[in-house]
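The values are calculated or read from the model by the stated rules, or taken from the named source; none is laboratory data. Worth saying up front: this structure is predicted, and the values here are computed from it rather than measured. Note that each Cβ is placed from the backbone with ideal geometry, even for glycine, and that neighbours are counted across all protein chains shown. Accessible surface areas use protein heavy atoms only, side chains included; no ligands, DNA or RNA. Shrake-Rupley method; radii C 1.70, N 1.55, O 1.52, S 1.80 Å.
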Amino acid sequence: MQQSKENQNYQKVLVITPTYNASHTLERCIQSVKSQSYQNVEHVIIDAISTDNTLDIVDKYKLKYLSEEDQGLYDGMCKGIKEFSGQIIHILNSDDWYANENVILDVVNYMNKHNLDLCHGYVDLILDDNSIYKTIGEDINRTALLKKMKVAHPSVFVHRSVYHKYGCYSLCFTIAADYEWLLRVWSNVTVGFIGTRVVNMQYGGVSTTNVVESIRQSTSVSILHGLHPFLALLEYYKNRIKNCLSININKARL
């Protein structure tokens, strides 16, 4: 599906990449943005004072950036949303990259066609050998989302108006702030699921290496947004058991 150049120039897509010592993956991320067929994209870097050559890479590609101390990943995301312009916002972490060159074009067209405020899809978790560990993301309603975070946040594209109306990410949650934000806005905006792979995500990020803490924070978020504490506790132990089984299965494969 092709989009007119006039329409592309009207809807600017802001891609925000928070970084901290990300030199080993950042160039792949940047190149995936540059390869997009959609014309009106600005890619900005929000850096937490990296001590490696992250900013050398940013300078190489002549990208706009901020480099200052922050309060973590979600603080960097919020800074990018506040400081830079764009009607549609996507957060692409430094170890993530777009699944193909038409991702932004396809998502913007889908959002326009269905008049969406928020669009999400599938994300593949990629191992070091480039094989797919698993695919995450699901077409889900708020009732199911309240029990478990099944939306792949790296795939989420959002109209800026949603952030203006409902605020940015809560820095109280260091891992589950995206989950809290989604539950905060979900029933108040028009949400759509594109049903295609949007992003490749390098397995081993914060939420995948700190699974127990992620489950704990997600349980707190679900209670905060209305899930009965007893049901939340059941989900907590169910997810802990699933995590333990997954670890043992993976060890057996090695």
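Using C-alpha pairs under 8 Å with a sequence gap of at least 6, the mean separation divided by the residue count of the range 18-86 gives a relative contact order of 38 percent. Between their Cα atoms, which of Lys134/Lys242; Lys82/Lys147; Lys34/Lys79; Lys150/Lys242; Lys79/Lys134 are more than 19 Å away from each other? With Cα atoms farther than 19 Å apart: Lys82/Lys147; Lys34/Lys79; Lys79/Lys134. What percentages, rounded to whole numbers, describe P(r) for the range 142-189 computed over all alpha carbon pairs with 5 Å bin width beginning at zero? Using 5 Å bins, I get a P(r) of 5, 19, 33, 29, 14, 1 for the range 142-189. Heavy-atom surface analysis with a 1.4 Å probe gives the chain a carbon and sulfur content of 51 percent of its accessible area. Sorting Asp59, Asp178 on solvent-accessible area from highest to lowest, probe radius 1.4 Å, gives Asp59, Asp178.
Projected label points at Ile223 and Asn141, each 7 Å from Cα along the beta carbon direction, are separated by 2.6 nanometres. Run the numbers for Ile49 and Ile241: contour at 0.36 nm per residue of separation, minus the present Cα-Cα distance, in nm. The Ile49-Ile241 span can extend by a further 65.3 nm.
Using the rule -39500 (n - 2.57) for each DSSP H run of four or more residues, divided by the residues of the chain, the 222 nm mean residue ellipticity is -12500 deg cm²/dmol.
Length available on full extension from Lys134 to Cys172: 0.36 nm per residue minus the Cα-Cα distance, which gives 10.8 nm. Remark: relative contact order (the chain) = 20 percent; criterion is Cα-Cα distance under 8 angstrom and separation of 6 or more residues. Distance between the C-alpha centres of the range 161-234 and the range 13-63: 24 Å, rounded to the whole angstrom. Taken per residue, the accessible surface of the range 78-147 reaches 45 Å², heavy atoms only and a 1.4 Å probe.
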